[in-house]
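Just so you know, all these numbers are worked out from the coordinates, no wet-lab data involved. All figures in this text were calculated on a predicted structure; none of them were measured in a lab. Note that each Cβ is placed from the backbone with ideal geometry, even for glycine, and that neighbours are counted across all protein chains shown.
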């Protein structure tokens, strides 16, 4: 093969030595002379920190440790790949999740095993030919000279090139990055006049988002997704549009659809977990964090912060469904144990772990373990004082779980005073309260509660449940809405019969309310009346 290959450095990554030797032999016969090979993702990453490779061929499944996708992701995060470098992902995996995940991480090529010399030869010829023709453009990008790359792409598109579509796609992307939106739109429309390609359709929608027309983009993107549910980039741009519209509910639904199609996409799982927590949907958040830990083991996402977020979401779920949360907490306790076994250098992270552990054990009724962890955290904080809002919130949660309600209330009042002029901070404090104090929280509560009550009065129970549930998700300690929800479900059972879920949900909500309800609470009599109403309805059926 061409002698030009002899100047390129190659890395083979595969956990089977026999395959590494076979592939190395094929590459040598093609003219590559400098070929390294390693058996794990960790070794490969170390090699790439020390050496630059023009071509990397990595298996997806690398045994214990990082897989090929995680290896590629970390190369990009650490900026160890130049634009002209080629990364080929190899795999014998045929499951839909793995294949979707592999394509989603966008290697230069994805080849399924077993791989023949002919397949490798043909694919490398195409990739190397493209690399050679576009090398000046890639070099400009590697040198961070975006305008030079744009000029070279514009010139190449006036010439005869077999890579015209690649040039158009890259040029449109660079136009967007340099805020030349009209030029990007022109390219996408030119491409779409010839052929309805997903990347051009999504790119055009992206232009609309960045031009301040997110509603129009949402309409287009939903159409693209309905026609091609596997177009993952469409979900990502749709997320951006929905964020601009501040449509948190549909943003969560969009991310849920995306991870259903490609569950091993860690970035989307993390985004889903974050949005679900903002929406108060702790159950969805916990499941997304759990999948991130499962699929992201050994990856750059395998962090203490991620594990703590998972435990935090399980603890938050106790405010909504104590019965289900008790089941989920078994796994959360194991995760906490893993964190506690580490010698955490970060003092702040250590205190967060102690407080979260105290909260979770307290919610499970393990009062001694809960108190011990709380005492250690308080000692570390010089009797509980901190200027960190997240730690203060964690402290209040731990105090509440330890039944130290007066001290928890004192600290809540102090936080509200300290952050009186900070609306984003007040929004973080809202879930601690029986009623929100942030302006956004007050408006959302009033609007949803009114619609729920109106729907209940008109006996539209399904709609009432939907609105009350939204409020309960966001403000899980607001006892009034929990009781509204129970009353609505009882009305539904009375007028429509039990659907097999309404009674169970009532019992779960009342059990959750029982944890914090006291005889001096203004809602206590109503709480007891609803208990009796539920009992009467169940007995009469």
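Sort 192-200, 305-313, 447-455 by the packing proxy (mean of other Cβ within 10 Å over each peptide's residues), most packed first. Don't skip to the end; give the middle numbers.
On the way: 192-200: 13.4, 305-313: 21.2, 447-455: 16.7.
Highest to lowest by the protection proxy: 305-313, 447-455, 192-200.
To the nearest 500 deg cm²/dmol, what mean residue ellipticity at 222 nm is calculated for the chain from DSSP H runs of n ≥ 4 alone, each contributing -39,500 (n - 2.57), summed and divided by the residues?
On the way: 27 runs with 368 residues, N = 541.
Taking each H run of at least 4 residues, the total per residue is -22000 deg cm²/dmol.
What do the square roots of 5 times the Cα gyration tensor eigenvalues come to for the stretch 3-95, in whole Å, largest first, as semi-axes of the equivalent ellipsoid?
Numbers: eigenvalues 76, 56, 25 Å².
Taking √(5λ) for each Cα gyration eigenvalue gives 19, 17, 11 Å.
What is the percent of Cα-Cα separations in the stretch 35-174 that go past 25 Å? Could the numbers behind the result be given before it?
Numbers: 3228 of 9730 pairs.
Tail fraction, whole percent: 33.
Return P(r) of the stretch 239-365 (all Cα-Cα pairs; 5 Å bins starting at 0; whole %; ordered from short to long distances).
2, 11, 21, 20, 20, 13, 8, 3, 0
Please give the peptides 408-421, 69-82 ranked by average Cβ packing (other Cβ atoms within 10 Å per residue), highest first, as a rough proxy for protection.
Working: 408-421: 14.6, 69-82: 17.6.
Top to bottom by mean Cβ count within 10 Å: 69-82, 408-421.
Would you please put 260-272, 131-143, 281-293 in order of how densely packed they are, using the mean number of other Cβ atoms within 10 angstrom per residue and starting with the highest? Please list the in-between numbers first.
On the way: 260-272: 20.8, 131-143: 16.8, 281-293: 24.1.
Peptide ranking by packing, descending: 281-293, 260-272, 131-143.
Translational diffusion coefficient of the chain at 20 °C, 1.002 mPa s, Stokes-Einstein with Kirkwood Rh over Cα pairs, in µm²/s as a whole number. List each step's numbers first, then the result.
On the way: Rh = 26.9 Å.
Result for D is 80 µm²/s.
Is the C-alpha gyration tensor of the stretch 222-280 telling us rounded, prolate or oblate? Criteria: a/c under 1.5 is rounded; beyond that, a/b larger than b/c is prolate, otherwise oblate. Before the final figure, lay out each step's value.
Working: a/c = 2.09, a/b = 1.24, b/c = 1.69.
Here the stretch 222-280 falls in the oblate category.
Hey, what's the Cα Rg ratio for the stretch 441-540 versus the globular rule of thumb, 2.2 N^0.38 Å? If you can, show how the numbers build up before the last one.
Numbers: Rg = 12.9 Å, N = 100, 2.2 N^0.38 = 12.7 Å.
In units of the 2.2 N^0.38 Å rule of thumb, it is 1.02.
Across all directions of projection, what mean area in square nanometres is found for the Cα convex hull of the stretch 159-304? Before the final figure, lay out the partial values.
Values: hull surface 41.6 nm².
Seen from a random direction, the Cα hull of the stretch 159-304 projects 10.4 nm² on average.
Show me the three semi-axes of the equivalent ellipsoid for the stretch 319-439, from the C-alpha gyration tensor (sqrt of 5 times each eigenvalue), largest first, rounded to whole Å.
Details: eigenvalues 112, 63, 36 Å².
Each semi-axis is the square root of five times an eigenvalue, giving 24, 18, 13 Å.
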